[in-house]
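What follows is a short report on a single structure.
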Amino acid sequence: MSSNIILSGFLASLVAGLCTGLGAAGVFAIRQLSTKLEDGLLNFAAGAMLFIIVGEIIPETHKRGFHDFSALTLIFGFVFMMYLDTIFG
């Protein structure tokens, strides 16, 4: 049973990696994106990440009883990213 879970995780990672490679190949082929298109694509990627975090990861941590830890690490991660954004602008 656990080998099926490991295989499923491996295949999901493989598909995600291949999709990332295809997206990168598309960007290298175009070479120049308009500012509006680039902003839209980055906003879409950020929204997808937030959807996964809010819809999947946080409820799963709460089911397993990690309420405080997940809340604190979420706050720490947000503060850390804002710090990095301020430093690297």
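Listing for the model above:
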{"quantity": "Helix-only CD estimate at 222 nm, as mean residue ellipticity for the chain, using -39500 (n - 2.57) per DSSP H run (n ≥ 4)", "calculated": "-28500 deg cm²/dmol"}
{"quantity": "Segment I57-I75, length gained on full extension (0.36 nm per residue, minus Cα span)", "calculated": "5.0 nm"}
{"quantity": "Anisotropy class of segment 33-89 from Cα gyration tensor, a/c 1.5 cut", "calculated": "oblate"}
{"quantity": "Inter-part distance where segment 44-69 and segment 3-37 are each reduced to a Cα centre, Å", "calculated": "22 Å"}
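FYI, it's all coordinate maths here, none of it is from the lab. Keep in mind that what you see is a predicted model, and the values were worked out from it rather than measured.
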